[in-house]
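Participant: To start, I am sharing the structure in question, which I have written as structure tokens.
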Amino acid sequence: MKHKWNIWILGGDQRQLRLAELLAADGHTVHTFALERGGELREEVAQEEELEGLELADCAVLPLPVMGEGSLLNAPLSSGRFPLAGILDRLRPGQVVCAGRVNPAAQALAAQRGLTLHDYFAREELAVANAVPTAEGAIQIALEELPVTLHGCRTLVIGHGRLGRALAPRLAALGAKVSVAARSWSDLAWIEAEGFGVEHSEQLRGWLCGYELIFNTVPSRVLDEAALADLEPDCLVIDLASQPGGVDFDAARRLGVNAIWALSLPGKCAPVTAGRAIKNTIYNILNELGV
């Protein structure tokens, strides 16, 4: 097993830029591609314009999500447009390739070339690490959007997963009056034991009018038009769930509900922290594979 790796980082956003710097600071050989509009990197990072040498990498790190528009590499910090298939063509069969939020189309493209995409976004350690900057970013949005303080604000967190468990106590520490909604009886028991108000997520209608601020963390439609119609006029809704989300935003617009879909908060609010979490996850994958 090596202690120093040759790593290529291809595409992505500020998280991948910070990842490159963190890897270089640890002494690895780092190349970046399709990140040229992100600003200057430390001099140890080689900013490549071509893919020459990519096949020699110990690990290639693709972005989160791996695909952007259509079948293109997700590369918002590049002026170029790069088909993901063309990137994969430059890798050798069996090479270690890590990518985030890998969809079936990307996995199929990789399999056709003898490649496996190791999805770092699907790893539990990254999900837990991302919960903290997501919670902090969500609170920042609430502070900017609400006409009242969080102190004393009647707040509902829908979902008691990793993010819900990170968010609720941070809201409470700022003085919010927090309730948490969940489905399972065991989660509801834990919510009560943690000192929060309890709501059943399948029995929210008729009770939502009691809240000034609602965070959703569940990636399924929990706030449909009927539920949104229950809200008080000034209630703020922040959807933190990934695709397909949990809020009917078309209905929210018709009803005049202030609803915000806050995606990818770690990369927007704390890119260094998010990059560090990805770095640690990449290390774990490489160590498990014995690279």
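Participant: If we keep just the residues of segment 58-78 that are among the small types (G, A, S) and surrounded by fewer than 23 Cβ atoms within 10 Å (Cβ to Cβ), which is nearest to I7 (Cα to Cα)?
Facilitator: So the residue we want is S78.
Participant: Another question, then. Considering each of W185, W190 in turn, give the residue that is closer than 27 Å to F121 by Cα, assigned by TED's automatic domain parsing to the domain that holds N258 and free of Cβ contacts under 8 Å to residues at least 60 places away in the same chain.
Facilitator: Of the residues listed, the single one that is closer than 27 Å to F121 by Cα, assigned by TED's automatic domain parsing to the domain that holds N258 and free of Cβ contacts under 8 Å to residues at least 60 places away in the same chain is W190.
Participant: Only one of L117, L171, L150 is in the same structural domain as P93 (by TED's automatic domain parsing), at pLDDT 95 or above and either within 29 Å of E232 (Cα to Cα) or not in a loop (DSSP other than H, G, I, E, B) (or both). Can you tell me which?
Facilitator: L117
Participant: Within segment 228-237, is there a residue that is closer than 23 Å to L143 by Cα, touching a Ser or Thr at 6+ places or on another chain (Cβ under 6 Å) and at pLDDT 95 or above?
Facilitator: No; the residues of segment 228-237 include none that is closer than 23 Å to L143 by Cα, touching a Ser or Thr at 6+ places or on another chain (Cβ under 6 Å) and at pLDDT 95 or above.
Participant: Given the options A85, A60, A105, A110, name the one that is small (G, A, S) and part of a strand (DSSP E or B).
Facilitator: A60
Participant: Among the residues that make up segment 26-47, is at least one of them out of contact with any Ser or Thr (no Cβ under 7 Å at 6 or more places or on another chain), of a type in the set (D, E, K, R), assigned to a helix (DSSP H, G or I) and closer than 23 Å to N287 by Cα?
Facilitator: Checked segment 26-47: no residue is out of contact with any Ser or Thr (no Cβ under 7 Å at 6 or more places or on another chain), of a type in the set (D, E, K, R), assigned to a helix (DSSP H, G or I) and closer than 23 Å to N287 by Cα.
Participant: Moving on. If you scan segment 19-43, which residues turn out to be touching a Gly at 6+ places or on another chain (Cβ under 6 Å) and buried (at least 23 other Cβ atoms within 10 Å of the Cβ)?
Facilitator: The answer is L19, A34.
Participant: Starting from residues that are touching a strand residue (DSSP E or B) at 6+ places or on another chain (Cβ under 9 Å) and among the small types (G, A, S), keep the ones in segment 136-160 and report whichever is surrounded by the fewest Cβ atoms within 10 Å (Cβ to Cβ).
Facilitator: It comes out as G152.
Participant: Quick check on segment 67-81. Is at least one of its residues among the small types (G, A, S), over 20 Å from the mean Cα position of the chain (by Cα) and assigned to a helix (DSSP H, G or I)?
Facilitator: Within segment 67-81 (the criterion being among the small types (G, A, S), over 20 Å from the mean Cα position of the chain (by Cα) and assigned to a helix (DSSP H, G or I)), the answer is no, since none of the residues qualifies.
Participant: Could you tell me whether E125 is among the acidic types (D, E), touching a residue at least 12 places away in the same chain (Cβ under 8 Å) and either farther than 16 Å from S242 by Cα or part of a loop (DSSP other than H, G, I, E, B) (or both)?
Facilitator: It is true that E125 is among the acidic types (D, E), touching a residue at least 12 places away in the same chain (Cβ under 8 Å) and either farther than 16 Å from S242 by Cα or part of a loop (DSSP other than H, G, I, E, B) (or both).
Participant: Residue by residue through segment 246-280, note down the ones that are small (G, A, S) and crowded, with 20+ Cβ neighbours inside 10 Å.
Facilitator: Of everything in segment 246-280, those that are small (G, A, S) and crowded, with 20+ Cβ neighbours inside 10 Å turn out to be G246, A252, A259, G267, A270, A274, G275, A277.
Participant: Would you point out which residue out of E194, E212 is over 22 Å from A252 (Cα atoms), among the acidic types (D, E) and touching a strand residue (DSSP E or B) at 6+ places or on another chain (Cβ under 9 Å)?
Facilitator: Just a single option satisfies the conditions, and that option is E194.
Participant: If G206 satisfies every condition in (1) exposed (fewer than 14 other Cβ atoms within 10 Å of the Cβ); (2) modelled with pLDDT under 95; (3) closer than 26 Å to N130 by Cα but one, which is the exception?
Facilitator: It fails just one condition, (3).
Participant: Would you say G164 is within 19 Å of C269 (Cβ to Cβ), modelled with pLDDT under 95 and either surrounded by 15 or more Cβ atoms within 10 Å (Cβ to Cβ) or touching a strand residue (DSSP E or B) at 6+ places or on another chain (Cβ under 9 Å) (or both)?
Facilitator: no
Participant: For I260, which of the numbered conditions (1) part of a helix (DSSP H, G or I); (2) modelled with pLDDT of 95 or more fails to hold?
Facilitator: (1)
The values are calculated or read from the model by the stated rules, or taken from the named source; none is laboratory data. All of these numbers come straight from a predicted model, not from anything done at the bench. Because the Cβ atoms are built from the backbone with ideal geometry, glycine has one as well, and the counts that use them run over all protein chains shown.
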